[in-house]
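The values are calculated or read from the model by the stated rules, or taken from the named source; none is laboratory data. Keep in mind it's a predicted model, so treat the numbers as computed, not measured. We place every Cβ from the backbone using ideal geometry, glycine too, and count neighbours over all the protein chains shown.
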Ligand code: MOS
């Protein structure tokens, strides 16, 4: 049962198995769930960025119609902290009077209807004692920290090499705060039964929600069940267990009734994390003939007062190029802002903008084509480990992308292409994405009617996990996909990791592979005492699965069907578990590779009006084995739209006086819309990856990366103006 040799690189573009459920409303999202006698919670948020609550009068709210409970720091019970994690839960809410950011929850109101709860919430009187907030990344009073989870890297001597280089680029790039903005408002529906708790929650990591709620409330983890069959997007916002999740469960316990809590859109801007702003200095040294001799990248990103967000912006420079001297440092500055956290391609999105812009700047200093400069510094082996990559087709990304884009038609000189009033520019960026894979478990069952049921307590955040895992399960069991159900989103299933870090498909696919392999082995084991079986004496490597049957390798006629084996054994069904944990690189003898990519972008700039339009995007992506071309393409074009947003529109604006997010609505926070998005061509190249038996590399995040640099580089090519700050706004182009 080897997988890779049998599989083509690009899998069938089958439709989403959950598509009809979603478009007919039969797919239930967390806020679609209700319990009998359910109450509703509304949140009250602090309106200062720093200080303490000095006055609190809840009496009018408590007397308001339908109100069941009003909880503040004055009457909330003591709650424990969540479990340790690199995606730690913020400290439990309502435990003291301190205010650390505008939007921090200061009260929760529970009432019979949602309208009664929000009406009563407005009747709480709160007085504050203000402290001086620290809100700007360059405020000298701000505390600077080195994240303990950080990934600073050094090889060679970057400072000495910079001193000795023929050519040096030294530039500083900035990126704005962005907000994840999944379409689905995050919701938690919580119901207690004694110490047992059932929660429907908008999360990317149900097993972490279970562990966190058990620890926070001091109840047995086995009694906590978290359900999330569907979630309306996440983009990283669902990777932590946020305070509102705890407040929903607390409200339900205090009110003695099930409680539903749905965040408002403005609360989505302050309560579930956002992408930090960065200031990044990049220095690159090179020889005259375009060999990189030094890269030094230092990032400063924003983090909340109590936050622990890792933002590995500079770290990507470690593995991007074959450069002997590299130093990267990721530093953070604490501000009185809502929690920063993961947002699609955290760190990579901003770090790639800085590094790939600086490489572009170097290409002009050297008089070299930007693509040629990248090819001259291609990392044939992992430059930090010195080990061969588990797969790498970045060269093909460059070549195929350039060919399809028509890069060879690009004149070298900036400002030399024009179309009427519009200046035209071509820009590109390379992407070397990091690798991440967490341990995962799955269970597979084949039933007496020949159908299969495979499951794991993970989530499908819209990326297509249901569909590709149905495909894989069918392949690993030799069944028609129509006979296979893949299920997820329920912590009563075997535990799985977060849908994040572009790591779930490899982790879960490997676990599903192991479970299905163990299941085939279990079927063979039932035949061990049956010398008459055509499969007698076979081990799992001696057989092939196809058409609902197990047969001897190369001998299709010598086999038995699952249904026949179960019937003969008098079994209703047979199940097996499988788990996966990635090996260490030194044990595997290779460096695990994330996906690679190259972006080629044509922009048009009207220099009189400061208008910028993206006219064409070609993306060439090495995602290892692509399980479902249709879904993978959706991931890349969705990410590309997000990348256009980061490059041109998205900016979470904090009011410098109050610390309030000033544009916390879909009317005010600009995202790329249809009119901003051109035709996007996506090509997949490469071969199955060797680090996992399924051959996949995640494509969930890489689609966003590289767009900011490619657009800024194209703007330079169009105008001769180097923009080192995103989003690129009209004033920068005039
Ligand atoms: Mo992604 S930011 O790991 O959901």
Hey, among 36, 83, 77, 49, which residue is crowded, with 18+ Cβ neighbours inside 10 Å and in a loop (DSSP other than H, G, I, E, B)? 49
Mind checking whether some residue in segment 54-64 is closer than 27 Å to residue 309 by Cβ and modelled with pLDDT of 95 or more? no
Filter segment 470-494 for residues that are outside any helix (DSSP H, G or I) and surrounded by fewer than 19 Cβ atoms within 10 Å (Cβ to Cβ); the one that is modelled with the lowest pLDDT is 480
Since residue 341 meets every condition but one in (1) out of contact with any helix residue (DSSP H, G or I) (no Cβ under 9 Å at 6 or more places or on another chain); (2) within 30 Å of residue 663 (Cα to Cα); (3) more than 16 Å from the ligand (Cβ to nearest atom), which condition does it not meet? (3)
Search result, residues across segment 546-579 that are more than 15 Å from residue 444 (Cα to Cα), in a strand (DSSP E or B) and either in contact with a strand residue (DSSP E or B) (Cβ under 6 Å, 6 or more places away or on another chain) or in contact (Cβ under 8 Å) with a residue 24 or more places away in the chain (or both): 546, 549, 550, 551, 552, 558, 559, 560, 561
Would you say residue 69 is crowded, with 16+ Cβ neighbours inside 10 Å, outside any helix (DSSP H, G or I) and over 35 Å from the mean Cα position of the chain (by Cα)? yes
Residue 533 passes all but one of (1) more than 19 Å from residue 567 (Cβ to Cβ); (2) part of a loop (DSSP other than H, G, I, E, B); which number fails? (1)
Having 2 or more residues that are out of contact with any strand residue (DSSP E or B) (no Cβ under 8 Å at 6 or more places or on another chain) and at pLDDT 95 or above is the bar; report the helices (runs of 4 or more DSSP H) wholly within segment 281-385 that clear it. 348-366, 370-376
Is it fair to say residue 530 is farther than 28 Å from residue 228 by Cβ, modelled with pLDDT under 95 and more than 16 Å from the ligand (Cβ to nearest atom)? yes
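Conditions (1) surrounded by fewer than 23 Cβ atoms within 10 Å (Cβ to Cβ); (2) more than 17 Å from the chain's Cα centre (by Cα); (3) closer than 30 Å to residue 701 by Cα; (4) within 15 Å of the ligand (Cβ to nearest atom), marked per residue:
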| site | (1), (2), (3), (4) |
| --- | --- |
| 181 | yes, no, yes, yes |
| 188 | no, yes, yes, no |
| 194 | yes, yes, no, no |
| 198 | yes, yes, no, no |
| 201 | no, yes, yes, no |
| 205 | no, no, yes, yes |
| 208 | no, no, yes, yes |
| 213 | no, yes, yes, no |
| 216 | yes, yes, no, no |
Of the residues 61, 114, 50, 46, which single one is touching a helix residue (DSSP H, G or I) at 6+ places or on another chain (Cβ under 6 Å), assigned by TED's automatic domain parsing to the domain that holds residue 199 and in contact (Cβ under 8 Å) with a residue 12 or more places away in the chain? 61
Tally up the residues in segment 275-300 that are surrounded by 24 or more Cβ atoms within 10 Å (Cβ to Cβ) and either more than 17 Å from residue 137 (Cα to Cα) or without any contact (Cβ under 8 Å) to a residue 60 or more places away in the chain (or both), please. 9
Subset tally (residues that are loosely packed, with under 15 Cβ neighbours inside 10 Å and within 25 Å of residue 344 (Cβ to Cβ)) for segment 650-661: 1
Residue tally, condition farther than 25 Å from residue 39 by Cα and in a loop (DSSP other than H, G, I, E, B), over segment 92-118: 5
If you go through segment 665-692, how many residues are assigned to a loop (DSSP other than H, G, I, E, B) and surrounded by 20 or more Cβ atoms within 10 Å (Cβ to Cβ)? 8
